[in-house]
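Heads up: the structure comes next, in structure tokens.
The values are calculated or read from the model by the stated rules, or taken from the named source; none is laboratory data. Every value quoted in this text rests on a predicted model; they were computed, and no experiment measured them. No Cβ is skipped: glycine too gets one built from the backbone with ideal geometry, and neighbour counts run over all protein chains shown.
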Amino acid sequence: MVEFVQYQLELFSQPVAGHKQPLYYHFLVVLIGCIPFSFLGLRNALKDSGSEIIFEKLMRILLWTVLILFTMVSTKIIHYTSMSYIPLSFLAAVETYKIFMGKSLKRVLKIPLVILSSCMGLFIAIILYLLTYKIDTISSFITDSNVKDVLNVELFWYGWEWIIPLILVAANIIWLIRINTNIIKYLASFSILIGLTFALMGHYIVPKIEMAIQGDAIKFYEDISNEKKYITTVGFKSYAHYFYSQIDELDSSDQLYITKSEILNNYFSSSSLNDLNRNEKNKFNGYVLNWLINGKNDRTSYFVTKKSRPIKQLEKSKNLKLVKQTANYQFYKREIK
């Protein structure tokens with residue numbers, strides 16, 4: 001329990017694992033990620049709607065508690081404010097009911113909603129079209145060799161994926177033209193088409209982007225998943241190797257377990273990693289990395305680093321061999337001698 005509380009305090013006070021974002025991050029995530037309900041619920045989030053529903057007040061309190069709390073937290077990850085989706089949806093439902101009862105939707109909300117979601121759809125469609133048909137044109141404007149390598153990763157495109165975001169644009173056109181005839185009907189249609197857009201993107205587009213960014217790393221992890229090994233990332237944070245390479249849980253007989261305990265005791269006079277502050281943890285990781293490279297290992301060791309951030313310690317080590325290099329990553333291996 002003590003270690004849990006200490007870690008939560010670290011998440012609150014420091015951007016853990018590189019998840020540092022600007023103060024407005026969560027507000028932007030909720031505004032864009034919850035379209036159209038973020039716009040419909042905006043007024044009721046700022047002031048009482050006059051419904052005299054006690055639950056509405058509780059939802060408003062919950063919404064602002066979540067947004068303010070996680071804005072204060074230094075570590076900002078997109079799902080931290082997922083609890084705000086429920087109160088925001090309720091506040092939007094209150095506004096929708098008022099519209100159903102005859103209230104008009106103000107231009108100050110309608111127009112920004114249409115413009116923002118249309119621009120999102122057009123921007124994504126243009127990017128996908130260029131990635132599908134004009135990849136050479138994009139590459140000609142890019143000087144970074146690592147980015148060019150990522151763009152040259154071979155992906156299978158059907159050729160019509162760029163049309164998917166245009167569903168969002170079509171939804172906005174229908175919404176804008178027909179909003180004054182039957183607002184509830186077209187609000188429902190608008191919401192369904194937005195959901196359809198993101199569902200299709202999640203199925204046909206996101207896996208391809210994921211493949212270009214970290215597909216090679218995941219394949220490498222899966223290829224070595226049956227080996228008895230140690231594996232670590234160097235120069236970047238990731239949890240993918242824990243899952244895809246099926247790392248064994250260390251026990252007291254493993255040399256890495258013994259070495260980590262000795263490092264904690266000898267250098268930090270501690271028995272738990274959670275007792276260390278951020279700088280001490282960085283030093284601890286440095287000692288462990290040095291042992292994995294130069295120490296007496298009882299298992300084959302793998303080291304994964306970003307190609308864009310070469311690690312001199314790995315490149316110069318005579319104990320390591322570069323076994324694979326992809327558009328994004330370099331994979332080093334140390335055999336047991």
Subject >> Any hit, the range 309-319, residues being in contact with a Lys or Arg (Cβ under 6 Å, 6 or more places away or on another chain), more than 17 Å from K237 (Cα to Cα) and exposed (fewer than 14 other Cβ atoms within 10 Å of the Cβ) >> reply: no
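Check the range 57-76 and report whether any residue there is outside the structural domain of L200 (by TED's automatic domain parsing), within 30 Å of E161 (Cα to Cα) and out of contact with any strand residue (DSSP E or B) (no Cβ under 9 Å at 6 or more places or on another chain).
Looking for residues that are outside the structural domain of L200 (by TED's automatic domain parsing), within 30 Å of E161 (Cα to Cα) and out of contact with any strand residue (DSSP E or B) (no Cβ under 9 Å at 6 or more places or on another chain), one finds none in the range 57-76, hence no.
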Subject >> Filtered residue count, the range 72-90, keeping only those that are in contact with a Phe, Trp or Tyr (Cβ under 8 Å, 6 or more places away or on another chain), assigned to a helix (DSSP H, G or I) and crowded, with 19+ Cβ neighbours inside 10 Å >> reply: 4
Original post:
Are any residues in the range 52-94 charged (D, E, K, R) and without any contact (Cβ under 8 Å) to a residue 60 or more places away in the chain, and if so, which ones?
Top reply: E52, E56, K57, R60
**OP:** Of the conditions (1) outside any helix (DSSP H, G or I); (2) under 23 Å from the mean Cα position of the chain (by Cα); (3) not hydrophobic (A, V, I, L, M, F, W, C), S117 clears all except one; give me its number.
**Re:** (1)
Original post:
Yes or no: L122 in contact (Cβ under 8 Å) with a residue 24 or more places away in the chain and in contact with a Phe, Trp or Tyr (Cβ under 6 Å, 6 or more places away or on another chain)?
Top reply: no
**OP:** Among what's in the range 206-253 and is acidic (D, E) and modelled with pLDDT under 90, pick the residue that is farthest from the chain's Cα centre (by Cα).
**Re:** D251
Original post:
Do the conditions hold for V288, that is, is it β-branched (V, I, T), out of contact with any Leu (no Cβ under 7 Å at 6 or more places or on another chain) and surrounded by fewer than 16 Cβ atoms within 10 Å (Cβ to Cβ)?
Top reply: no
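For the range 131-208, give me every one of the helices (runs of 4 or more DSSP H) that falls completely inside it and has 3 or more residues that are exposed (fewer than 12 other Cβ atoms within 10 Å of the Cβ), on the phi < 0 side of the Ramachandran plot and out of contact with any helix residue (DSSP H, G or I) (no Cβ under 8 Å at 6 or more places or on another chain).
Here the list reads 183-204.
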Original post:
Does the range 18-65 hold any residues that are assigned to a loop (DSSP other than H, G, I, E, B), farther than 30 Å from G235 by Cα and hydrophobic (A, V, I, L, M, F, W, C), and which are they?
Top reply: C34, I35, I53
Original post:
List, please: which pairs have Cβ atoms under 9 Å, are six or more places apart or on different chains, and start with a residue in the range 242-265 that is farther than 21 Å from D223 by Cβ and end with one that is in a helix (DSSP H, G or I) and of a type in the set (D, E, K, R)?
Top reply: L250/K260; L264/D275
